Amino acid sequence: MHGDAFEYARNSIFDARNFFDKSAVIHRRLPGFERNNFGGSFGGPIRKDKTFFYAVYEGLRQIQGQSNSVTVVPRSCIGAAGATISSTTCSALSLPTTPPAGCTATTSGSSTGSCTLYGPTAALMANPILFPQANFQTATDVANGATCPLSCTGFTFPGANRDSEDYGQIRVDQNFSDKDTGFVRYTIGNGFVNNTATQCCQLTEPTRNQFLSLVENHIISTSLLNTARASFSRTAFDVQNVTPGSLVGPLSMIPGLSTGALAIPGFGGILGSNASVPSFGKQNIYTVSDDVAYTRGKHAYKFGTLMNRYEIGIQENLAWNGRLNFSNLTNFIVGIPSLFEYDATGTTMNRDFVWDTFGFYAQDDYRATSRLTINMGLRYEFMTQGIEKYGKQSAFRDWATDQNVTLGPVMRNRTKLNFSPRVGFAWDVTGKGTTSVRGGAGVYYDVGNIAMVLANGALSFPPFSATVDAPNKTKKFTLPFANLLNVSQAFATGGVAVSGPVYNAYRPNLWVYNLAIEHQLPGKTSLSVAYAGSRGAHMWGITDAEPAIPTVVGGVRYWNGSSPVPNPAIGSTATMDTSVATWYNSLQVVVNKRLGHGLQFQAAYTYALLLDETQGQDNLADCSVYPPPGLSGGTDPAHPLTDKGPACFDIKHNLRFNL
């Protein structure tokens, strides 16, 4: 038996302060930081020369303090219900040419004046968790002569991200005979994250991931080997809001829930609790596979199968406890939001999907001559129709003509022709092993990777769920919201964007190809120059299946707020479709010096260009730079090449060196 143990500790003693680490606020020199990483391993024989085991454990405990800084509404703009807020004392108050109801301009058309503070707005402002008092001057405050405590807008507050992880694995190996061996392996990982999300609230996320594998290797003969595997994996997460009790009750947007999200441009990002949680998910994958390797003459054959069963349980939200967006502080003061958002009553966004995938392959490594080896293979992989176990599934089969949804599968199964050929070669040019040329090409399908698409499809799709987005110009908000619509009413009255996959979506596929030349240089050094590229088709992207129809004047397309859509029965959409293409081309150069005279190094340089048409399954989470703010997908779904350009994760130059 043998084992080992370790402990690693780190803290903030030698860390430097940043500008926002104010001792008066955090009551110490800088935010605390504590990290403990510990673990060990243990293993040995259970039965001599037959059975062995090995177990490992690793744990992490971390508290990462941080100094958060936001811009808050100054005290001079806050008061009791019915109070008069004047631009003389509240410099952030600015009136449009036509003041909103409740405001009076100093003179006609003037941006200065006063507004009467709306009751529910005053109630929100009175809560120090949502609207804390500023405690420092921002650069803008200094430039404008705004002083604390009444006129400044900077607020810094301490926060902490608390993380814990526990990872364990045990493996037991068994030698059944000289020709038959196997092992079983179990892995578990538990995690917990508690983060300070805003000045009022926290997010907690416990996770648990488990993996079980059984593998058997059997030597049938000197030329025939079989490997059989069976495995099970389960991953799960649960994201929850942790909010103070004072945000539940009179300040609730949705009765019984904590105050939802408030968005006021220029102030505090999102105030209130996160409207997109709670959310949770679990994924079970059952896998069985078998691989056979057979050698005969100049041929080395491989063939096998891979079968998976997917069980996905998901719960997503968009506006569970409500959201209010305001175009400016003035409209917030008088209680006129630019957008009301909430999940329609009766909405159910939890889904449980099940599907299977089956893959079969065969390949041959053929040694044509002593200097040339050719590889040829074919893979066929498909999936069964994905179904929601409790019947909560529907689809618009034809976005252009359907007046209502068809109950049934969310997407059509278009995987039955997924044949993936591939070919490659390796050629020793001189026969001396100093110069080689290698190349290959293949087609690869992405089968079964649709969990994120299905999750987005649960957010707003009749008749089971709807997130109401109600643009507004004159209506004042109430706490809680009044006259909430149910799912059927929401879609009947409009103002709801359908969110889900396109029924006739294809499955993404990638054509991959490469060619490399490698030459042996003096001094145990080699040089490799290669071209590698790919062409992606039917990639997932966020789009609008009902794009507004433009007016064409002089060959130029124009849109306005009243431009019609192809199918008024559906209206606007935020759909996932496989309409995106990608292009990747690269030059790769590698210099490798093997160990000699105490020196070893490798240098690798890649010059590449990756183009796409705005790809991704998860809205803006896939790319924080493009598309532009306010757009969740391409700018013109009818002309995707308009958006062709460098991908947001395109890296033109990449140089790596290790010694």
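Residues that are open to solvent by 70 Å² or more (accessible area, probe 1.4 Å) and either under 11 Å from Asp650 (Cα atoms) or free of Cβ contacts under 8 Å to residues at least 12 places away in the same chain (or both) within region 600-618 comprise Tyr607, Leu609, listed in sequence order.
Of all residues in region 303-327, those that are within 26 Å of Phe464 (Cβ to Cβ), not small (Gly, Ala, Ser) and not in a loop (DSSP other than H, G, I, E, B) total 9.
Residue pairs whose Cβ atoms lie under 8 Å apart, sitting 6 or more positions apart in sequence or on different chains, and linking a residue in region 453-464 that is more than 17 Å from Ala490 (Cα to Cα) to a partner that is part of a strand (DSSP E or B) and among the aromatic types (Phe, Trp, Tyr), are Val453/Trp540; Leu454/Phe353.
This table checks each residue for (1) modelled with pLDDT of 95 or more; (2) out of contact with any helix residue (DSSP H, G or I) (no Cβ under 8 Å at 6 or more places or on another chain); (3) not basic (Lys, Arg).
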residue	(1), (2), (3)
Val239	no, yes, yes
Leu247	no, yes, yes
Gly260	no, yes, yes
Phe267	no, no, yes
Ile270	no, yes, yes
Val288	yes, yes, yes
Ala293	yes, yes, yes
Asn308	yes, yes, yes
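When the strands (runs of 3 or more DSSP E) confined to region 413-494 are screened for residues that are open to solvent by 70 Å² or more (accessible area, probe 1.4 Å), those reaching at least 2 such residues are found at 419-428, 435-445. Cβ-Cβ below 9 Å, separation at least six or inter-chain, first residue in region 69-91 and under 13 Å from Phe131 (Cβ atoms) and open to solvent by less than 70 Å² (accessible area, probe 1.4 Å), second among the charged types (D, E, K, R) and not in a loop (DSSP other than H, G, I, E, B): which pairs? Qualifying pairs under 9 Å: Pro74/Asp141. Among the residues of region 350-357, not a single one is buried (at least 22 other Cβ atoms within 10 Å of the Cβ), within 30 Å of Cys115 (Cβ to Cβ) and in contact with a Gly (Cβ under 9 Å, 6 or more places away or on another chain).
Scanning region 284-306 for residues being over 24 Å from Thr357 (Cα atoms) and surrounded by 14 or more Cβ atoms within 10 Å (Cβ to Cβ) gives a total of 3. Output yes when any residue across region 114-131 is within 34 Å of the chain's Cα centre (by Cα), under 24 Å from Gly272 (Cα atoms) and surrounded by fewer than 16 Cβ atoms within 10 Å (Cβ to Cβ), and no when none is. For region 114-131, residues within 34 Å of the chain's Cα centre (by Cα), under 24 Å from Gly272 (Cα atoms) and surrounded by fewer than 16 Cβ atoms within 10 Å (Cβ to Cβ): present. Within region 109-123, residues that are part of a loop (DSSP other than H, G, I, E, B) have Cβ atoms under 7 Å from residues that are open to solvent by 30 Å² or more (accessible area, probe 1.4 Å) and charged (D, E, K, R) in these pairs: Tyr118/Lys476, counting only partners at least 6 apart in sequence or on another chain. For region 495-516, the set of residues classified as open to solvent by less than 40 Å² (accessible area, probe 1.4 Å) and not in a strand (DSSP E or B) consists of Val496, Ala497, Val502, Tyr503, Ala505, Arg507, Pro508, listed by residue number.
The values are calculated or read from the model by the stated rules, or taken from the named source; none is laboratory data. Bear in mind the structure is a predicted one, so any value in this text is a computation, not a measurement. Note that each Cβ is placed from the backbone with ideal geometry, even for glycine, and that neighbours are counted across all protein chains shown. When the accessible area is computed, the model is the full protein with side chains, heavy atoms only, and any ligands, DNA or RNA have been set aside. Shrake-Rupley method; radii C 1.70, N 1.55, O 1.52, S 1.80 Å.
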